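Below: the structure, in structure tokens.
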Amino acid sequence: MKKVSVQTSDYKEATAIKVGQIILDDSHYLTCWGYLETAEGWRKCDFVTNYDVLNTMLRAVEDKSEAVQMAIVQKLETMEQIPEMIDFEAQLGEPVLFDNLSFQLARPQFEPGTEWMEYSDNNCFYIRKAEPITRTEANARGVAQCMSALAGHYALYLGYLELEFDEASARMKAELEDDMKYTLAYYAWQQSPKND
């Protein structure tokens, strides 16, 4: 088998994930099957992380922390096969919600120049770090991400205008046909640090 270097790139933040199942093996990493909260709602997603990050996540989920910790400890003590799975959805009736944390996610991909190809299609992330945050901080980060996305749409619109697209085509290509979204995107673009 050819050895291929792997790097993580495309860092992004998330403020909520759900974990339905955890796969344990004999490495220092865990695979979690779950969901990522996006602007469009919850999206099925896989996560890979280490035990330090998992401990931080468990300390932050107060309402189910003890049940989740006990499920993991019991499975580790009685592991008969590798890999082994803990199914929180079956044991607790639903995935475990981690929503008072800021997650720093990295998308895995092969290094350019070594048969580069993205293989996760935004459905798999490595959780590099999880930090406790308040609901107010999470909301503020969400608003900041939204403003950044809107500013990006407006910058794209300006780029199409520079390429001599007509107004209607430029707005359509930049997904700014809605007048309210166009106005908000303009405001966000004006407020962005690049335009000070």
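Distances between placed amide hydrogens fall under 5 Å for Phe125 paired with Asp46, Phe47, Val48, all partners being 5 or more residues away or on another chain. Is the stretch 157-196 best put as rounded, prolate or oblate by its Cα gyration tensor, with a ≥ b ≥ c the root eigenvalues, rounded for a/c under 1.5, and otherwise prolate when a/b is larger than b/c, oblate when not? Oblate, because a/c is 1.5 or more while a/b does not exceed b/c. For the residue pairs Lys12/Lys44; Lys18/Lys129; Lys44/Lys129; Lys129/Lys181, the alpha carbons lie more than 22 Å apart in Lys129/Lys181.
Read the figures in this text as sums done on the coordinates, not as results from a lab. Because the structure is predicted, anything quoted here is derived from the model rather than measured.
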